[in-house]
Structures are given as C-alpha cells and as structure tokens.
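The values are calculated or read from the model by the stated rules, or taken from the named source; none is laboratory data. Note that the coordinates shown come from a computational prediction; the quantities given were computed from them, not determined experimentally. No Cβ is skipped: glycine too gets one built from the backbone with ideal geometry, and neighbour counts run over all protein chains shown. Side chains included, ligands, DNA and RNA excluded: accessible areas come from the protein's heavy atoms. Shrake-Rupley method; radii C 1.70, N 1.55, O 1.52, S 1.80 Å.
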Amino acid sequence: MLSGKTAVVTGASRGIGRAIAEKMAAEGAFVVINYNGSKEAAETVLAGIRAAGGDGCVMQCNVSDFAACEAWMKEILALYGKIDILVNNAGITKDGLLMGMSEEAFDRVIETNLKGTFNCIRFAARPMIRQKSGCIINISSIWGQRGASCEVAYSCTKAGIIALTRSLAMELAPSGIRVNCVAPGVINTDMMAGFTDEDRAALAEETPVERLGEPDEIARTMVFLADEASGYITGQVLGVNGGLVI
C-alpha cells in the first residue's frame, strides 16, 4: 500500500508511534523513526522493522524546537530526497488540577504537542508543495473533542490540533496535500502505566465496546489515511475510540 513512500513518524520510539512506524514499514514505506530522549528504544523499533523485512532509519529531534525541526527536515531531504507522509504523533501530558499547574508545565505541553506539530508541518510542507503531493496526519485525542478534568493543557493542545488540521487541509489542498487527524480514545500504552486495574476497568466500562483500544488499531487507521485509496479524504477528524464519543 505504501511501497516507495518515505514516511516520517514523530515520537516513534514507543506506544502508538512505534505501532505506526512498524505498520507503515510493513506496508512498504521507508520510515524515519523520530525520537527525542531514548535512542536505544528507537533503535529497537528499527531492528524489529528490519527483522520483519522493512526498512527505515533513526533520527533524533526535539519537535518543540523550531530551528531543530528545520535542520532535521533538511537532513531528511538531503539523505532520502523526499517526504511523502508526515505523522505528527509526538506528545506529552502533565496531569493535575489547573490551580496546581505551573506555567512551565503548561508551556511544555503546548510547545511539544501543538507547537511541535506546527514546527514539523512548517518544514515538511514546502517539499510536499514542490512535489505537488503529500499526506499529513496529526494525532489529536478524545480529550481534544470532549475535554477532561485534570487534563487542561493536554486537552487544549489536542483541540488546537483539530483546528490546525482543518485549516491546513483547506490551505494545502490546492497543492495536492491531504491533511487529516486521528483522535484516539483510551489506548493501552505505557502512558497508562500509572492506572490501576480498577481505573482500567472503569474506562473500559464507560466505552461502548467495553474494552480499551490497542496501538495497532490506531496504526491501521493511519495506514488507511496515508494510502492513495483515501485520496478523497482531507480535513477530517477520525475518532478511533470504541464509541466513547458518539
């Protein structure tokens, strides 16, 4: 489905990003596995991809750094010649009551999740415009659609990503670039490590399909949106949430 494509996946060393990188590589894409903190984890992802017959590379970049993103995208183009698919997955959260949140914590979530998405698109879009084709897929969240107590900063960024997606879809469509957004529900990743069994059970019970989602379910959705078969889909927010938002 993605043979011959170069796909850049941010935050791809673990969780949903890892699943996306693995799935896109399995479908034939050359995957640029981005990480910020753990090179070892990213190298493990690449080793698994190559063992399964795919290919890619590992590249470090802090997506919240505007200048670093510019240099990184230039390096990708110098090494591999093009960017066909950009998946903006990198993100963090700082849970807690608004009244207890520091300015530093709020800014860090905004800078990583929302500004980081902007930074990557800002420098990947230009080569896409030149080649008159490209696919950008952003990761929002159920909490960007409905909000969540003690998740003010995170919810703000994910709602902002939805607005960014819709605006850019209109702006970039004449250049042959599609921009879509996936809004996962409660997904079983290491971000849930602090949840108790009771917490997980309560979340599953609240979800109409009565279970949590798996990273591979998000990855399969991303492959669908990246494939040319979905060429008439742009500006959409696709909820993969087990019916939690209906």
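Do you know which residues across the range 185-233 are open to solvent by 50 Å² or more (accessible area, probe 1.4 Å) and either among the polar types (S, T, N, Q) or part of a strand (DSSP E or B) (or both)?
N188, T196
Pick out the one residue from I49, I33 that is touching a residue at least 12 places away in the same chain (Cβ under 8 Å) and in a helix (DSSP H, G or I).
Working: I33 fails: in a helix (DSSP H, G or I).
Going through I49, I33 in turn, the sole match is I49.
In the range 19-51, which residue that is under 21 Å from A68 (Cα atoms) and hydroxyl-bearing (S, T, Y) is surrounded by the most Cβ atoms within 10 Å (Cβ to Cβ)?
Y35
Mind counting the residues in the range 137-151 that are farther than 15 Å from I16 by Cα and in contact with a Leu (Cβ under 7 Å, 6 or more places away or on another chain)? Let's see the steps before the verdict.
To start, the set of residues in the range 137-151 that are farther than 15 Å from I16 by Cα comprises 143-151.
Checking the rest, the ones that are also in contact with a Leu (Cβ under 7 Å, 6 or more places away or on another chain) come to 150.
Here the count works out to 1.
Quick check, is M73 hydrophobic (A, V, I, L, M, F, W, C) and open to solvent by 70 Å² or more (accessible area, probe 1.4 Å)?
Numbers: hydrophobic (A, V, I, L, M, F, W, C): yes; open to solvent by 70 Å² or more (accessible area, probe 1.4 Å): no.
The answer is no for M73.
Inside the range 112-147, can you point out the residues that are assigned to a helix (DSSP H, G or I), within 26 Å of G239 (Cβ to Cβ) and either of a type in the set (V, I, T) or open to solvent by 30 Å² or more (accessible area, probe 1.4 Å) (or both)? Let's see the steps before the verdict.
Taking the range 112-147 as the starting set, the residues that turn out to be assigned to a helix (DSSP H, G or I) are 112-131, 142-146.
With the extra rule that they be within 26 Å of G239 (Cβ to Cβ), the set shrinks to 112-121, 124-125, 128, 142-146.
Matches in the range 112-147: T112, L114, K115, T117, F118, I121, I142, W143, Q145, R146.
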